[in-house]
Amino acid sequence: MPKYVELLFDVPLKQSFTYQVSEKGDESVGKRVIAPFGRRELTGFVIAERDVPPLGVEESRIKQIRRVVDKEPLFGPDEIELSRWLSAYYFCTQGEALAAMLPSGRRASSYTSFGADDLEEGYDGKGLSLSGEQETALRSIIGTVGGAEDTAGRSATEEAGAGGSRVDDMLSASRTALSPVLKSAPPYKTYYLYGITGSGKTEVFLRAAEHFVRRGKSLIYLVPEISLTHQAAEAIGKRFGTLAATLHSGMSGSERLSEWMRIKRGEVQIVVGPRSAVFSPVRDLALVIIDEEHDASFKSGNTPRYHARQVAMRRCARTGASLLMGSATPSAEAWKLMSDGLITRLDLTKRLSGGSVPEIKIVSLEHTDGCLSYELKEEIRKTALAKRQTILFLNRRGFAYFYHCKDCGFELLCKHCSVSLTWHKARGKAVCHYCGYQSNPPSACPSCGSLSAGFMGFGTEMIEEEVRRAFPDLRVTRLDTDSVQKKGSLEAALASFRAGAVDILLGTQMVAKGLNFPGVRLVGVVFADTGLHLPDFRAAERTFSLIVQVAGRAGRFFPDGKVLVQTLRPHDEVIRKACALDVEAFFKAELEQRKEQEFPPYSRLIRVLSRSRDAGRADNAIHRFRQIVEGLLPRGADMLGPAECPLSIVAGNHRRHILLRGTDMGALHSAVRRGLDLYEVGKDARVYLELDVDPVSLL
Ligand code: ADP
Ligand code: ZN
Ligand code: ZN
């Protein structure tokens with residue numbers, strides 16, 4: 001029994017802390033404990049045991065642990081190592097890293113595992129015979145045919161692997177700067193299943209999973225955030241029973257914890273879940289699957305701002321597991337790697353379940369009153385007459401989007417943020433989507449008193465009203481974060497849509513992702529322009545993939561699918577290419593532009609953001625950081641800013657940022673590391689510095 005233990009806390013302090021073990025003395029590495037910290041009590045992670053106090057620390061001054069939370073260790077050396085890497089790569093403390101990796105619940109008495117009984121007839125491809133393309137893809141991934149194993153996977157990594165991997169350089173940490181261990185690790189194989197929507201990617205993933213599970217190996221299967229109803233999760237529950245663990249954001253902390261423990265004990269061979277599932281402590285990892293690789297939810301929006309793809313690469317590099325990604329709309333990064341032949345691309349070009357690629361038409365909204373064009377209404381009517389279903393997509397919640405005065409130009413902004421308030425008619429409030437602030441809508445312009453002022457632009461609530469007015473006989477369901485507040489309501493809504501009890505499903509991203517419903521004939525993109533002109537170099541990429549993904553919900557089982565894309569910019573190149581489903585052409589133009597502007601994938605970025613209640617302090621801090629880091633930048637690197645962030649105030653905090661840009665992430669990273677060390681000395685404690693490595697959003 002040790003006398004002392006070293007603890008890490010989920011706080012922005014770098015060091016570990018020494019404590020005396022409790023009376024019971026059941027502390028051991030990998031457990032969580034409750035310990036006094038300043039005037040509070042905090043949960044700490046035991047990362048080491050020791051028999052003597054650290055040098056120079058008086059025994060009597062070492063505080064004692066109050067109690068131990070876990071019966072069995074939650075984590076071991078592998079997780080501690082991964083947390084060390086995570087903290088180095090993403091500039092957070094190791095305690096913050098561990099906290100992000102581990103489930104945060106109390107000990108649970110029982111667990112709910114994903115059982116087949118919970119499911120209605122859903123996806124079950126067991127009896128399917130694979131198509132030729134699927135078969136070829138699967139063969140490359142599991143490598144059964146003699147040498148074929150290696151022609152696909154290894155050649156790509158070999159090319160990349162000699163000395164230092166170029167794959168790694170593009171997408172992951174520079175080996176030399178961050179993780180000397182990686183140098184000697186075997187290169188891992190990376191595959192990309194590039195297949196149009198509905199081409200049977202899921203089935204290939206599942207067969208690959210089966211292959212490894214049967215051989216006693218484990219896998220991690222990552223899916224985007226809003227897909228608790230993802231067909232893969234269902235199918236995995238059915239096919240793998242208790243060998244599978246499913247994690248999702250609807251689970252409570254203790255449910256998550258008990259799944260984690262099952263994984264830790266080696267009872268589970270396949271874990272399905274959103275980005276945090278990438279930390280699952282599986283044994284004998286053979287494969288990490290990232291479904292819908294382009295999805296932004298794989299990047300965390302809080303410290304540590306990790307990308308699950310990056311963490312997956314790190315784990316693959318350490319363990320020799322393979323990485324398998326897939327999408328109909330790859331990210332620009334992945335597309336470039338495929339084009340350069342650095343990762344193996346496997347193509348699926350056909351729809352397999354009787355459908356075909358839908359007809360996609362652009363409809364100009366220029367001369368339409370309201371938000372439903374004549375054509376869209378006609379198609380909804382036709383679809384209903386044919387006893388089929390419609391999905392309407394709009395990426396904006398609420399009723400109306402912003403408040404504008406025609407006389408003086410006044411706009412109604414949130415009191416705490418520099419964003420417009422959205423009119424939520426059902427609630428009768430103007431609401432901020434960033435901080436939740438609400439106010440009563442003004443009856444006249446608050447600035448000049450004019451009555452020619454009001455909310456404009458439309459959101460899902462308004463579409464719902466307009467659709468109900470135009471089609472009083474049709475059954476309509478709206479799906480967005482406002483309408484599915486209650487646990488289980490999303491599943492219920494989707495189930496009734498699948499059962500044919502709803503004619504029109506309308507909503508935000510929730511209706512865009514992964515849904516596979518036979519009854520859908522028509523998809524309407526109500527307003528394709530929403531994200532197009534955000535001040536973010538990924539705006540076009542996001543708009544493109546969103547349109548292609550939504551369009552992919554139509555015509556999956558019958559060859560009469562139809563998609564109407566409404567826009568105010570019918571000649572916009574991004575929208576046109578999306579409607580032509582022309583991924584090649586889109587990326588050709590997009591990558592040329594990125595290259596010219598030196599944005600990723602032609603460079604790597606680190607974003608440094610200062611935030612403070614006080615604008616002046618935020619300004620000073622970012623300028624000070626800039627001055628420090630300027631002298632440290634490696635050759636070929638530069639700096640954009642400092643500037644106000646596009647969202648310059650959020651929840652009362654003023655935000656300023658700079659973007660550091662370079663082609664060598666390792667060198668850029670060390671410059672920032674040194675800059676931060678210098679910045680620490682004499683920093684303004686009332687400013688918080690946020691670090692974002694490989695940022696996905698620049699707002
Ligand atoms: P993706 O993930 O590529 O969008 P899905 O995996 O959702 O595509 O597959 C679309 C549909 O095709 C599913 O209903 C699935 O059951 C069906 N499917 C997949 N593979 C086959 C096959 N080999 N033969 C017939 N149908 C298939
Ligand atoms: Zn006014
Ligand atoms: Zn706000």
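Quick look at the numbers
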| read-out | value |
| --- | --- |
| Subset of the range 451-474 (residues that are over 20 Å from L365 (Cβ atoms), surrounded by fewer than 13 Cβ atoms within 10 Å (Cβ to Cβ) and in the same structural domain as G524 (by TED's automatic domain parsing)) | P472, D473 |
| Selected residue (only one of S322, S356, S339, S327 is more than 14 Å from V204 (Cα to Cα), more than 16 Å from ligand 2 (Cβ to nearest atom), surrounded by 17 or more Cβ atoms within 10 Å (Cβ to Cβ) and small (G, A, S)) | S322 |
| Listing of helices (runs of 4 or more DSSP H) fully contained in the range 231-324 that carry 2 or more residues being touching a Gly at 6+ places or on another chain (Cβ under 7 Å) | 231-240, 253-264 |
| Residues of the range 509-547 classified as of a type in the set (S, T, Y) and surrounded by fewer than 22 Cβ atoms within 10 Å (Cβ to Cβ), total | 1 |
| Residues of the range 270-285 classified as in contact with a Leu (Cβ under 6 Å, 6 or more places away or on another chain) and among the small types (G, A, S), total | 2 |
| Filter result for the condition that a residue is exposed (fewer than 14 other Cβ atoms within 10 Å of the Cβ) and farther than 30 Å from G500 by Cα, over A426, A386, A444 | A444 |
| Any chance C448 is over 23 Å from A235 (Cβ atoms), within 16 Å of ligand 3 (Cβ to nearest atom) and outside the structural domain of L372 (by TED's automatic domain parsing) | no |
| Search result, residues across the range 265-319 that are acidic (D, E) and crowded, with 21+ Cβ neighbours inside 10 Å | D291, E292, E293, D295 |
| The range 404-424, subset small (G, A, S) and within 16 Å of ligand 2 (Cβ to nearest atom), residue nearest to C448 (Cα to Cα) | G409 |
| Residue within the range 570-586 that is touching a Lys or Arg at 6+ places or on another chain (Cβ under 8 Å), farther than 30 Å from R521 by Cα and surrounded by fewer than 17 Cβ atoms within 10 Å (Cβ to Cβ) present | no |
| Qualifying residue in the range 563-573 (condition: in contact with a Gly (Cβ under 8 Å, 6 or more places away or on another chain), within 16 Å of ligand 3 (Cβ to nearest atom), modelled with pLDDT of 95 or more and not β-branched (V, I, T)) | no |
| Qualifying residue in the range 606-618 (condition: modelled with pLDDT under 95 and under 25 Å from the mean Cα position of the chain (by Cα)) | no |
| Flag if T242 is buried (at least 22 other Cβ atoms within 10 Å of the Cβ) and hydroxyl-bearing (S, T, Y) | no |
| Checking G341 against (1) assigned to a helix (DSSP H, G or I); (2) at pLDDT below 95, the condition it does not meet | (1) |
| Residue match in the range 249-259 (condition: within 30 Å of W335 (Cβ to Cβ) and at pLDDT below 95) | yes |
| Yes/no for L247 being more than 25 Å from V69 (Cβ to Cβ) and either touching a residue at least 60 places away in the same chain (Cβ under 8 Å) or away from ligand 3 (no atom under 16 Å from the Cβ) (or both) | no |
| Close pairs (6 angstrom Cβ cut-off, 6 or more residues apart or separate chains): small (G, A, S) in the range 63-74, loosely packed, with under 13 Cβ neighbours inside 10 Å anywhere | none |
| Strands (runs of 3 or more DSSP E) wholly inside the range 515-630 containing at least 1 residues that are under 29 Å from Y688 (Cβ atoms) | 604-612 |
| Only listed residue being assigned by TED's automatic domain parsing to the domain that holds A384 and more than 16 Å from ligand 2 (Cβ to nearest atom), chosen from Q509, Q438 | Q509 |
| Selected residue (only one of R538, R521, R542 is of a type in the set (K, R) and touching a strand residue (DSSP E or B) at 6+ places or on another chain (Cβ under 8 Å)) | R521 |
| Selection status of G436, away from ligand 1 (no atom under 16 Å from the Cβ), within 23 Å of M510 (Cα to Cα) and touching a helix residue (DSSP H, G or I) at 6+ places or on another chain (Cβ under 9 Å) | no |
| Residue match in the range 484-505 (condition: touching a strand residue (DSSP E or B) at 6+ places or on another chain (Cβ under 7 Å), more than 16 Å from ligand 1 (Cβ to nearest atom) and in a strand (DSSP E or B)) | yes |
| Those residues of the range 192-226 which are part of a strand (DSSP E or B) and either closer than 27 Å to T508 by Cα or among the hydroxyl-bearing types (S, T, Y) (or both), in sequence order | Y192, L193, Y194, G195, S218, Y221, L222 |
| Any chance P446 is within 36 Å of the chain's Cα centre (by Cα), in a loop (DSSP other than H, G, I, E, B) and within 16 Å of ligand 2 (Cβ to nearest atom) | no |
| Residue match in the range 644-656 (condition: more than 16 Å from ligand 3 (Cβ to nearest atom) and of a type outside the set (D, E, K, R)) | no |
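The values are calculated or read from the model by the stated rules, or taken from the named source; none is laboratory data. Bear in mind that the values here come from a model prediction, so they are computed numbers and not experimental data. FYI the Cβ positions are ideal-geometry reconstructions off the backbone, even for glycines, and counts take in every protein chain you see.
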